[in-house]
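Below is one structure; the comments refer to it alone.
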């Protein structure tokens, strides 16, 4: 069954699964704030830094299984199993 994600979330997933760091950063607005369990990354540079240390740099892969709209614009929840592999070389 296909999971229909909001376009911005789909761009995040597609870029991650393709290992495309430029597309990943482009999926966020230039003033984005990415909160990863209390660690905050701000702006394109912050998103790019998080991508290297915690996402494509760890060879993450997402397989969405559900998505539900939230109460207001730009809100919602989704779930997906993910996997990441630690690397010893430079991130893509």
Notebook entry, point to check: Can you tell me which residues in region 45-65 are closer than 20 Å to residue 6 by Cβ and either in a strand (DSSP E or B) or touching a helix residue (DSSP H, G or I) at 6+ places or on another chain (Cβ under 7 Å) (or both)?
Noted result: 47, 51, 55, 60, 61, 62, 64
Checklist line | Candidates 38, 46 - the one that is exposed (fewer than 11 other Cβ atoms within 10 Å of the Cβ) and either modelled with pLDDT of 90 or more or over 13 Å from the mean Cα position of the chain (by Cα) (or both) | finding: 38
Next item on the list: Go through region 9-22 and give me each residue that's touching a residue at least 12 places away in the same chain (Cβ under 8 Å) and closer than 17 Å to residue 42 by Cα.
Entry: 12, 21
Notebook entry, point to check: Does residue 16 qualify as being modelled with pLDDT of 85 or more and in a strand (DSSP E or B)?
Noted result: no
Note to self: What's the total number of residues in region 23-44 that are free of Cβ contacts under 8 Å to residues at least 24 places away in the same chain, assigned to a helix (DSSP H, G or I) and over 23 Å from residue 3 (Cβ atoms)?
What the structure shows: 2
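The values are calculated or read from the model by the stated rules, or taken from the named source; none is laboratory data. The shown structure was predicted, so the numbers you read here are calculated from the model rather than taken from an experiment. So basically every Cβ, Gly included, is an ideal-geometry build from the backbone, and we count neighbours across all protein chains shown.
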